[in-house]
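Take a look at the structure set out below.
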Amino acid sequence: MNEKKESLEAAVTPWGKWEVLLSRPGYKVKQITVNPGHKLSYQKHARRREHWFAVEGEGTIILEGKEFVLHPGDSIDVPVEMPHRALNQKDVPFIFIEVQLGDYLEEDDIVRLEDSYGRAKG
């Protein structure tokens, strides 16, 4: 059987990389890798909530100014409009699975409040 594989999105970023594993109306699943010593922008989303499940390494998660540490098997929920970021303060990559839920799941729903790589809009 010759089945054409669906082409999914992926990107290399200043902090690591992400890859869409599954995308359907109302939800999207990504694998996110944060390189050692790097962090995602402090951001929020207007139209989606997220569930993060750690699979490798250790990450520090900031949710509206509060810190949480995730190890493999730990998870955390990010509500709509909640400022958040993931940091990797260890020597190995921090990898987590992100499940996005909402009526709009595109990258332009990101509002960067602070960014170490000059991408915040202000």
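List residues of segment 13-57, by number, whose backbone nitrogen lies under 12 Å from a label position 7 Å along Cα→C-beta of Ser116. Hits in segment 13-57 for Ser116 at 12 Å: 14-16, 34-42. Across segment 88-95, coupling constants 3J(HN,Hα) worked out from phi with the 6.51/-1.76/1.60 Karplus curve, θ = phi - 60°, read 10, 9, 9, 9, 10, x, 9, 10 Hz, and Gly and Pro carry x.
Per-residue 3J(HN,Hα) values for segment 13-28, derived from phi via the Karplus relation 6.51 cos²θ - 1.76 cosθ + 1.60 with θ = phi - 60°, read 10, x, 9, x, 7, 9, 9, 6, 8, 7, 9, 9, x, x, 7, 9 Hz in sequence order (x marks Gly and Pro).
Restricting the calculation to Cα atoms, the chain yields a radius of gyration followed by a Dmax of 14.3, 52 Å.
Kindly list the residues of segment 38-65 that lie in the label zone of Asp103, defined by a backbone N under 14 Å from the point 7 Å along the Cα-to-C-beta vector. Under 14 Å, as judged by backbone N against the label point of Asp103, lie 46-49 of segment 38-65. The residue list Leu113, Ala54, Gly73 was ranked by how far each Cα lies along the charge dipole of the chain toward its positive end, using unit charges on Cβ atoms, and Leu113 comes out on top. Only the Cβ atoms of Lys and Arg (+1) and of Asp and Glu (-1) were treated as charged; on that basis the dipole of segment 42-98 about its Cα centre amounts to roughly 280 debye.
Every number here is computed from the coordinates shown, using simple stated rules; none is lab data. Note that the structure is a prediction, hence the values are computed from the model and not measured. Every residue, glycine as well, gets a Cβ built from its backbone with ideal geometry; the counts of neighbours run over all protein chains shown.
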